[in-house]
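For reference, the structure is listed below as structure tokens.
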Amino acid sequence: MAKQKIRVRYAPSPTGHLHIGNARTALFNYLFARHTKGTLVLRIEDTDQKRNVKGGSQSQMENLHWLGIDWDEGPDKGGDFGPYRQSERKDIYNKYIKQLIDEGKAYYSYKTEEELEEQREEQRAMGIAPHYTYEYEGMTADEIKQAQEKAEAKGLTPVVRIHIPEMVTYSWDDIVKGHLSFESDTIGGDFVIQKRDGMPTYNFAVVIDDHLMEITHVLRGDDHISNTPKQLAVYQALGWEPPKFGHMTLIISADTGKKLSKRDESVLQFIEQYRDLGYLPDAMFNFITLLGWSPGGENEIFNQRELIKQFDPERLSKSPATFDQKKLEWINNQYIKKADRDTLLDLSLNNLQEAGLVEQDPTPEKMEWVRQLVNIYSVQMSYTKQIVDLAKIFFDAPKDLSDEEIDEIRKDEARPVIEEFKKQINLISRFTAPQIMNAVQATRRETGIKGRRLFMPIRIATTRSMVGPGVGEAMELLGKARVVEHLDLTLKQMSENGL
Ligand code: GLU
């Protein structure tokens, strides 16, 4: 038997920017499609007109591309199963809605929102789960017709509901969660498949599309589990074979231990936010893949090729994935250390310009200076925007010593070192890192002080930092005038502190 070609889809609703959770869904579908040489479909689920945001689908697509995810069929690509925007598929949905109505499997429902709410309230008061009860109970076909005509005459607009049979079990073998099953009486009664505005509901449209687009596997977040029995009811009514389902575990925040919520602004959750901070797409891709999936073993750094090779949906984790921003920083730092210098320069320059520290149109000399700055700080950066803080000393006015730095200097015989160093830098012919290091060595010879007791006072006095890049490189970039200013200021402050 020929092996079935895998067709998967990522189906965002354009209600906002690309969230980490959605990016994960997209990414796993992408890896699955590429691993199996199958097809990834991008479908825009834009039937909820009230929730759509302008530019939402464009921004989703742009951020997916940035992450390195591409698809084979979609609104921008075309394909044999289009259109790929649900808002353009209304005729297709209407055809199946009509078919179900004609077969007596769906019907027009005229209950108003107020009536439905009243009914739910009564049910709650009686201690039963709110659900829709059939409004034509016990009526003959003629009576139903009359009731509907009366409602029409009143000017009421109907929705279309699907009949949910009693005592049916909807079950499936979930790729991630194992066997799941729901009784038909737990899904809330006959549900709406077409809204008053004529648009299909999500649970209906998704079935029509997944079937017509020949989707073989639906991999999505486990917040959709309760939708799956409803979708199975639609498959059954239409006599169609459902695809395989896999519901990926929840993502919880490492800080709060709670489900990652879009409303929690203390955690950055949108791909765009990380982009703005200067995260690298490959690092994000790597990190997101590990949210609920692991290839086994200790290694955590994988490139896209390796991930495609190793991806196996059977290894999707059953337990919640923890979103740990610190881990993401660590992974990004690993990628920064290996990154192409020009990429880092572009990102950092952008960050420095946004912070107003570098002009929009720097001279070639200034560009070279920024390049060196980025080079010396890149090992320390978790993401490029950190350069704005790390490199403050290069942009701010000459800075006093902090209390902590004074305490550090107090430990050593700093004065002779600093005075001697100041003398030595006047003896070097060019203010370059190697010559500056020669001046440090000369200071060691002249004072007899070495090691940390030599380096720490020099580092603090010149660059105002106890950790950081090589002092020679940092001083070269600071320039002689600023270094001398810092040395003088240090000596003055030491005198004031009796040192
Ligand atoms: N449009 C749905 C969402 O964004 C997709 C659900 C699905 O994958 O079936 O959550």
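The values are calculated or read from the model by the stated rules, or taken from the named source; none is laboratory data. On a predicted model such as this, the values are computed, not experimentally measured, just so you know. Heads up, the Cβs are rebuilt from the backbone with ideal geometry, glycines too, and the neighbour counts pull from every protein chain shown. What goes into the accessible areas is simple: the full protein's heavy atoms, side chains included, and nothing from ligands, DNA or RNA. Shrake-Rupley method; radii C 1.70, N 1.55, O 1.52, S 1.80 Å.
The table below gives the values:
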read-out: Selection within the range 439-454 - over 13 Å from A414 (Cα atoms) and open to solvent by less than 60 Å² (accessible area, probe 1.4 Å); value: A439, V440, A442
read-out: Failed item, numbered, when G246 is tested on (1) more than 18 Å from K95 (Cβ to Cβ); (2) more than 18 Å from the chain's Cα centre (by Cα); (3) within 15 Å of the ligand (Cβ to nearest atom); (4) open to solvent by 30 Å² or more (accessible area, probe 1.4 Å); value: (4)
read-out: Yes/no for R315 being in contact with a strand residue (DSSP E or B) (Cβ under 8 Å, 6 or more places away or on another chain), farther than 21 Å from I376 by Cβ and surrounded by fewer than 15 Cβ atoms within 10 Å (Cβ to Cβ); value: yes
read-out: Test: residue in the range 466-476 that is acidic (D, E), surrounded by fewer than 19 Cβ atoms within 10 Å (Cβ to Cβ) and part of a helix (DSSP H, G or I); value: no
read-out: All strands (runs of 3 or more DSSP E) inside the range 165-238 with 2 or more residues being surrounded by fewer than 21 Cβ atoms within 10 Å (Cβ to Cβ), more than 16 Å from the ligand (Cβ to nearest atom) and not hydrophobic (A, V, I, L, M, F, W, C); value: 169-174, 178-183
read-out: Pair list, Cβ under 6 Å, 6 or more apart: the range 407-426 residue over 13 Å from R444 (Cα atoms), other residue in a helix (DSSP H, G or I) and open to solvent by 60 Å² or more (accessible area, probe 1.4 Å); value: D412/R453
read-out: Any helices (runs of 4 or more DSSP H) falling wholly within the range 323-442 and containing at least 1 residues that are over 23 Å from the mean Cα position of the chain (by Cα) and modelled with pLDDT under 95; value: 341-354, 364-377, 387-390, 403-410, 414-425
read-out: Enumerated helices (runs of 4 or more DSSP H) restricted to the range 1-103, each holding at least 2 residues that are buried (at least 20 other Cβ atoms within 10 Å of the Cβ), of a type in the set (A, V, I, L, M, F, W, C) and within 16 Å of the ligand (Cβ to nearest atom); value: 20-35, 56-67
